[in-house]
Amino acid sequence: MDTTSLIGKELAAAINADTKARAAALAEQGTAPRLALVIANDDPASIWYVKSLNRAAERNGITCENVDLGIDATAEQIRVKLAELSADPSVDAIMLQTPLPKGVGLDDVSLSIAAAKDVDGVSPLSLGLLASGLPGFPPATSEAVVELAKFHAIPLAGRLVAVVGRSNVVGKPLAQLLLAENATVTVAHSRTTDLPSVTSAADVVVAAVGRAGLITGEHVREGAVVFDVGTNEDENGDITGDVNAESVTGKASALSPVPGGIGPVTTALLMRHVVEAAESAR
Ligand SMILES: NC(=O)c1ccc[n+]([C@@H]2O[C@H](COP(=O)([O-])OP(=O)(O)OC[C@H]3O[C@@H](n4cnc5c(N)ncnc54)[C@H](OP(=O)(O)O)[C@@H]3O)[C@@H](O)[C@H]2O)c1
């Protein structure tokens with residue numbers, strides 16, 4: 001069987017073209033949308049990600065400010081800064097970078113981000129809004145899976161979808177988004193017994209684990225569609241997914257590549273959320 005590559009480039013370009021036009025319209029009316037990136041780490045992957053977000057914002061006509069609190073920032077200092085930015089009418093959107101300083105959990109601080117500015121849906125409030133079907137921002141990575149499926153005309157309604165991973169930032173919100181698309185959703189995790197039998201029952205498998213090559217041909221039924229959310233750095237510094245692409249190719253009908261699948265769509269959706277937040281605020 002041929003395995004189609006579910007590349008994200010075209011979809012990301014279409015989203016970015018729309019975002020750029022909307023950002024330009026806002027700038028014409030007065031001010032460009034403004035995103036604040038709150039940073040409290042010196043992690044190389046995070047530094048790289050911040051740079052790529054800075055570039056993406058610039059390309060789309062979004063003003064992006066890096067607010068560096070330093071690696072020793074306390075939970076209270078982070079909360080105060082997030083609350084300040086949430087109350088600042090000149091800031092439309094806030095993204096808190098991880099990892100956070102030692103001993104500070106995302107849940108200790110993320111509630112201080114106003115839901116209307118929580119463009120990556122990290123706060124428990126955003127997750128609750130999503131679970132309740134109320135307006136809010138879903139985490140961009142989870143949304144990217146659904147958008148990439150729609151773009152490549154992969155039906156979700158009525159189909160069995162197995163999500164591997166149950167984190168608050170990817171697996172859980174993705175399960176909610178898939179339910180909203182009328183999929184029948186199974187969520188697997190590290191305590192799932194017999195993962196291959198769970199995922200092999202599914203029409204669509206989403207790997208969001210953080211273990212390079214965990215999902216192999218043994219986990220996928222003939223003709224299934226596989227989305228790879230994983231971003232793992234190998235010994236050469238290259239990014240690899242949670243799916244062993246070689247093993248799945250020829251068995252799955254489609255597979256999203258890493259890099260080049262979910263990643264570019266995620267960034268594009270984040271920028272779209274910034275513009276949406278700015279449009280609502282105006
Ligand atoms: N492309 C993007 O833009 C983007 C954005 C965010 C994240 N990611 C990537 O997505 C992946 C997941 O991220 P995350 O933040 O959700 O990770 P995480 O918080 O570490 O969660 C990993 C999840 O995988 C489960 N898991 C671990 N080992 C497993 C196993 N052997 N079998 C089945 N399930 C297992 C864990 O189960 P338990 O709950 O039982 O521990 C947990 O629910 C990572 O590779 C991350 O880099 C990509």
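The values are calculated or read from the model by the stated rules, or taken from the named source; none is laboratory data. Values in this document were obtained by computation on a predicted structure and should not be read as measured data. All Cβ positions, glycine included, derive from the backbone under ideal geometry; neighbour counts span all protein chains shown. What goes into the accessible areas is simple: the full protein's heavy atoms, side chains included, and nothing from ligands, DNA or RNA. Shrake-Rupley method; radii C 1.70, N 1.55, O 1.52, S 1.80 Å.
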| request: Please find the FRET efficiency linking Glu246 to Gln77, where r is the Cβ-Cβ separation and R0 is fixed at 41 Å, and quote it to the nearest 0.05. | output: 0.30
| request: Choose one answer from Gly103, Gly250, Gly158: the residue with the largest mean-square fluctuation in a GNM of the chain with alpha-carbon springs under 10 Å. | output: Gly103
| task | Over the chain, give the accessible area per residue in Å² for a 1.4 Å probe, as an integer. | result | 45
| message | Is there a quick way to get the dipole size of the chain? I mean about its Cα centre, with the Cβ of Lys and Arg at +1 and of Asp and Glu at -1; what is the value in debye to the nearest 20? | response | 520
| field | Net charge dipole size for the range 142-238 [Lys, Arg +1 and Asp, Glu -1 on Cβ; Debye, nearest 20] | value | 480
| remark: For the range 139-263, the percent of all C-alpha pairs falling in each 10 Å bin, from 0 up to the bin holding the max distance, is 14, 52, 31, 3, 0
| message | Quick check: Cα centre of the range 120-169 to Cα centre of the range 9-30, how many Å? | response | 22
| Farthest toward the dipole's positive end in the chain, which of Thr193, Leu148, Ser167, given Cβ charges of +1 (Lys, Arg) and -1 (Asp, Glu) about the Cα centre? | Leu148
| request: For the pairs Lys20/Lys102; Lys102/Lys172; Lys20/Lys150; Lys102/Lys150; Lys51/Lys251, note any where the Cα-Cα span goes beyond 29 Å. | output: Lys20/Lys102; Lys102/Lys150; Lys51/Lys251
| task | Work through the residues other than Val209 whose Cβ is under 11 Å from its Cβ and net out their charges, Lys, Arg +1 and Asp, Glu -1. | result | 0
| task | Set the Förster distance to 22 Å, then compute FRET efficiency between Asp68 and Trp48 from the Cβ-Cβ distance, nearest 0.05. | result | 0.90
| request: Please report, as a whole percent, how much of the solvent-accessible surface of the chain comes from carbon and sulfur atoms (probe radius 1.4 Å). | output: 53
| request: With springs connecting C-alpha atoms under 10 Å apart, model the chain as a Gaussian network and identify which of Gly213, Gly105, Gly237 has the largest mean-square fluctuation. | output: Gly237
| task | Over the alpha-carbon set of the range 30-115, divide Rg by the Kirkwood Rh and report the Rg/Rh ratio to two decimals. | result | 0.96
| With Rg and the Kirkwood Rh both taken from Cα atoms, where does Rg over Rh land for the chain? | 0.97
| query | When the chain is modelled as a GNM with alpha-carbon springs shorter than 10 Å, which of Gln176, Gln77, Gln97 fluctuates the most? | reply | Gln77
| remark: Given the candidates Met1, Ala75, Pro99, the one whose Cα lies deepest towards the positive end of the charge dipole of the chain, counting +1 at each Lys or Arg C-beta and -1 at each Asp or Glu C-beta, is Met1
